[in-house]
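This report concerns only the one structure given below.
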Amino acid sequence: MDAIKNLLSRKSSKNLEAPFPSKKEMDIVYQSALRAPDHAWLRPSKFLEFKGDSLEELSKIFTNFANDHFQDDKAFIEKAKAAPFRAPMVIVLITEIKDHPKVPAIEQMLSTSAATQNILLALHALGYGAIWKTGKLALNENIPKYFNLDKNHHILGYIYIGTKSGDDRKVPHVNIEDFVTRQ
Ligand SMILES: Cc1cc2nc3c(=O)[nH]c(=O)nc-3n(C[C@H](O)[C@H](O)[C@H](O)COP(=O)(O)O)c2cc1C
């Protein structure tokens with residue numbers, strides 16, 4: 001797909017079903033992710049992929065976290081347990097923060113954020129749908145240990161991936177003059 005057309009037509013998809021990308025396709029997706037800008041080449045971005053039977057494992061991780069931190073919120077515990085099955089493939093977005101005199105943690109998380117957009121764009125170019133989600137299951141200091149990750153790891157969210165189903169939402173029109181000041 002033409003690169004600019006790909007950029008302008010990408011949109012998130014909530015309804016996702018099988019098939020999901022093959023290993024060969026995901027290799028392209030991860031290569032794209034790892035072309036994100038990365039100050040001092042710290043390589044902070046890591047990805048954990050769940051699909052098929054391993055979605056049960058992700059569900060257990062989410063349930064354990066929800067049980068420990070939201071024990072009074074039964075609706076959230078059920079939502080967390082079911083969350084991985086919204087799509088046939090889920091990628092966990094991780095930043096491994098490294099100490100560096102010139103590169104603070106925020107820059108390393110921004111690098112993973114840029115990698116995430118590359119993932120969304122690569123998936124779109126390959127014809128798949130995806131959506132980046134966070135909520136209570138991400139962006140907190142407690143969740144990484146449920147994935148057996150050390151404290152220097154941050155979870156920036158999850159990309160739900162699959163084949164778009166019943167999603168004909170139009171890309172909204174944006175008036176660029178509302179956002180751009182040309183001096
Ligand atoms: C950091 C981040 C976290 C997000 N978390 C959620 C979320 O938890 N749930 C959700 O429905 N959308 C979430 N979104 C929004 C969707 O990913 C998506 O961008 C939005 O639905 C708009 O669709 P579009 O990408 O087609 O413009 C998040 C977006 C970002 C950038």
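The values are calculated or read from the model by the stated rules, or taken from the named source; none is laboratory data. On a predicted model such as this, the values are computed, not experimentally measured, just so you know. Cβ atoms come from the backbone with ideal geometry, glycine included; neighbour counts cover every protein chain shown.
Residues that are free of Cβ contacts under 8 Å to residues at least 24 places away in the same chain and in a loop (DSSP other than H, G, I, E, B) within the range 1-42 comprise Asp2, Ser22, listed in sequence order. Evaluate the range 93-104: report whether one residue or more is touching a Lys or Arg at 6+ places or on another chain (Cβ under 9 Å), within 15 Å of the ligand (Cβ to nearest atom) and closer than 28 Å to Ser165 by Cα. Within the range 93-104, one or more residues are touching a Lys or Arg at 6+ places or on another chain (Cβ under 9 Å), within 15 Å of the ligand (Cβ to nearest atom) and closer than 28 Å to Ser165 by Cα. The requirement of being under 20 Å from Glu17 (Cα atoms), within 12 Å of the ligand (Cβ to nearest atom), in contact (Cβ under 8 Å) with a residue 60 or more places away in the chain and β-branched (Val, Ile, Thr) is not satisfied by Ile161.
Among the listed residues Ser32, Ser22, Ser12, identify the single one that is over 25 Å from His100 (Cα atoms), of a type outside the set (A, V, I, L, M, F, W, C) and either away from the ligand (no atom under 16 Å from the Cβ) or at pLDDT below 95 (or both). Please lay out each step first, then the result.
On the way: Ser32 fails: over 25 Å from His100 (Cα atoms); Ser12 fails: either away from the ligand (no atom under 16 Å from the Cβ) or at pLDDT below 95 (or both).
That would be Ser22, the only listed residue that is over 25 Å from His100 (Cα atoms), of a type outside the set (A, V, I, L, M, F, W, C) and either away from the ligand (no atom under 16 Å from the Cβ) or at pLDDT below 95 (or both).
From the set of residues in the range 46-94 that are of a type in the set (A, V, I, L, M) and not in a helix (DSSP H, G or I), which is surrounded by the most Cβ atoms within 10 Å (Cβ to Cβ)? Among those residues, the one meeting the criterion is Ala87.
None of Val174, Val180 is part of a loop (DSSP other than H, G, I, E, B), more than 28 Å from Ile28 (Cα to Cα), β-branched (Val, Ile, Thr) and within 12 Å of the ligand (Cβ to nearest atom) except Val174. Condition check for Ser54 on (1) polar (S, T, N, Q); (2) within 24 Å of His39 (Cα to Cα); (3) within 18 Å of the chain's Cα centre (by Cα): one failure, at (2). Filtered by the rule that a residue be closer than 25 Å to His39 by Cβ and near the ligand (Cβ under 8 Å from one of its atoms), the range 117-137 gives Leu120, Trp132, Thr134.
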